[in-house]
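**Student:** Before we start, here is the structure in question, set down as structure tokens.
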Ligand code: GDP
Ligand code: IMO
Ligand code: MG
């Protein structure tokens, strides 16, 4: 069996989004969590929307790792994550309303930074200038504070005096910006302080030193699955800057975002959709602004799990995927949503980019160039049949297998699972 822990070495497996996010990471993590002891998130925040479909129930997780439905799995929110208390409490309450107890199964890093109400407000106000098309969850402003060393961390919740002092300082500074720069309404200090003191009471039991927790678990031979949010092309360093998120979704982020050494990482599982989508602004060379794009959107249900925005859709982009495989060190691919292509007579795949008529050797680092590239397409025959009953690779129609194998050849990594529907069981195991 090919899978997260098939080789018997309990090295850490990292799940990364290989495109622009929403590749189906949540479903894959839920699937592989079955064979895991710990699932840990390393970056991002409630900008993520990870969908898990089990039976007729659908769960959308934003902060809590996608292993939480398995009651033997411990979930970790690592130091690299930025935590919105409101979103976290809502998510815990939602899970509990479904009868899922997280008691003793959720560990939150004391080094993780908190998202404050002023981060969310700033996110919205800043979007009226340069339009990135953010999720409005306060992610960018929270990471700005982290790197400018003025952030408030989970550990600060443990000391009321320190918390109050930092909160008052943060709110005073941001209120000045709201007043002088944005002409916007100021935040009430007392209300915010009271809210965060209350949050402290609620999450106290989950706070721990997750750096030691994950390292000791790894050394004890526990099976660790690490869950990325967003995708490589939204990475702050390696993505389509400035149309990116403010963290490091690529596999390198797993080490800094959890405090695991690079030597712990044994494999990087890249999740790639059989086509491409993107939410928010920024270049997207294979975008289809036509009926075919509409078809991909409606058949793939391509609407944001966090904001409900329609996702932009286009053909599979192998130039971008090869780049992502290189930066992430992808050792294995899970190809999701192959079923969405069921009813197309022909499928197109971008194999190369041309710039001013000349082939480009690399995925461009700047958006101005990426906006101008012309995709070179290869056309493949569709399979025009349902994949609903396929569970083994041999069950797939030949044209679908040809499509999968073409991707493997292009990327140089094996496709180990193939998604044939949103449900936990709708998967072909290779
Ligand atoms: P994530 O952010 O990477 O976890 O992905 P999202 O949950 O935002 O978006 C993926 C969407 O595709 C969700 O609605 C999933 O339920 C759905 N999905 C995942 N895998 C498959 C698949 O193989 N086929 C189909 N049709 N839907 C899938
Ligand atoms: P998951 O984990 C898709 C996009 C936003 C915007 C950019 C910056 O579900 O794959 P931010 O709010 O992070 O500052 O927005 O990044 N974005 C995502 N797109 N999936 C996500 O997460 C995303 N998280 C952020 O649309 O373009
Ligand atoms: Mg998503």
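Read the figures in this text as sums done on the coordinates, not as results from a lab. The model shown is predicted, which means the values in this text are computed figures rather than measured ones. Quick reminder, even Gly has a Cβ in these numbers, built from the backbone with ideal geometry, and neighbours come from all protein chains shown.
**Student:** With label points built 7 Å along Cα→Cβ from the Cα atoms of residue 398 and residue 149, find their separation and express it in nm.
**Tutor:** 6.5
**Student:** For the chain, take the longest principal axis of its alpha carbons; what is the angle in degrees between that and the long axis of helix 189-203, to the nearest 10 within 0 to 90?
**Tutor:** For 189-203 against the chain, the angle is about 70 degrees.
**Student:** Looking at the square roots a ≥ b ≥ c of the eigenvalues of the Cα gyration tensor of the range 153-296, which shape do they give, rounded for a/c under 1.5, prolate if a/b is larger than b/c, or oblate?
**Tutor:** oblate
**Student:** Same structure again: Between residue 367 and residue 291, with labels modelled 7 Å along Cα→Cβ, what's the label distance in nm to one decimal, could you check?
**Tutor:** 3.2
**Student:** What is the fewest-to-most order of 406, 89 by other Cβ atoms lying within 10 Å of their Cβ?
**Tutor:** Placing the least packed residue first, the sequence is 89, 406.
**Student:** Can I ask one more? With r as the distance between the Cβ atoms of residue 281 and residue 177 and R0 = 30 Å, compute the FRET efficiency 1/(1 + (r/R0)^6) and round to 0.05.
**Tutor:** 0.80
**Student:** Which residues does a label at residue 220 reach in the range 53-93, if reach means a backbone N under 12 Å from a point 7 Å past the Cα toward the Cβ?
**Tutor:** Answer for this model: 74.
**Student:** What FRET efficiency do you get for residue 388 and residue 130 if R0 is 41 Å and r is their Cβ-Cβ distance, rounded to the nearest 0.05?
**Tutor:** According to the calculation, E is roughly 0.40.
**Student:** Round to the nearest 10 and give me the degree value, 0 to 90, for the angle of helix 85-97's Cα axis relative to the longest principal axis of the chain.
**Tutor:** Once rounded, one gets 70 degrees.
**Student:** Next up: Exposure proxy check: 323, 196 ranked by fewest other beta carbons within 10 Å?
**Tutor:** Fewest to most other Cβ atoms nearby, the residues stand as 323, 196.
**Student:** Another one. By how many nm would the segment from residue 355 to residue 185 lengthen if fully extended, with 0.36 nm per residue of separation less the alpha-carbon distance?
**Tutor:** This chain segment gains 56.5 nm when fully extended.
**Student:** Between the range 157-172 and the range 75-135, what is the C-alpha centre distance in whole Å?
**Tutor:** 19
**Student:** For labels at residue 379 and residue 102 in the simple 7 Å Cα→Cβ model, what's the distance in nm?
**Tutor:** The answer from the label model is 5.0 nm.
**Student:** Something else: For the chain, what does the helix formula give at 222 nm: sum of -39500 (n - 2.57) over DSSP H segments with n ≥ 4, over the residue count, nearest 500 deg cm²/dmol?
**Tutor:** That comes out to -9500 deg cm²/dmol.
**Student:** If you don't mind, there's one more thing I want to ask. Fewest to most neighbouring Cβ within 10 Å: what's the order for 107, 58, 27?
**Tutor:** 58, 107, 27
**Student:** In nm, what is the difference between 0.36 nm times the number of residues separating residue 195 and residue 424 and their Cα-Cα distance?
**Tutor:** 78.7 nm
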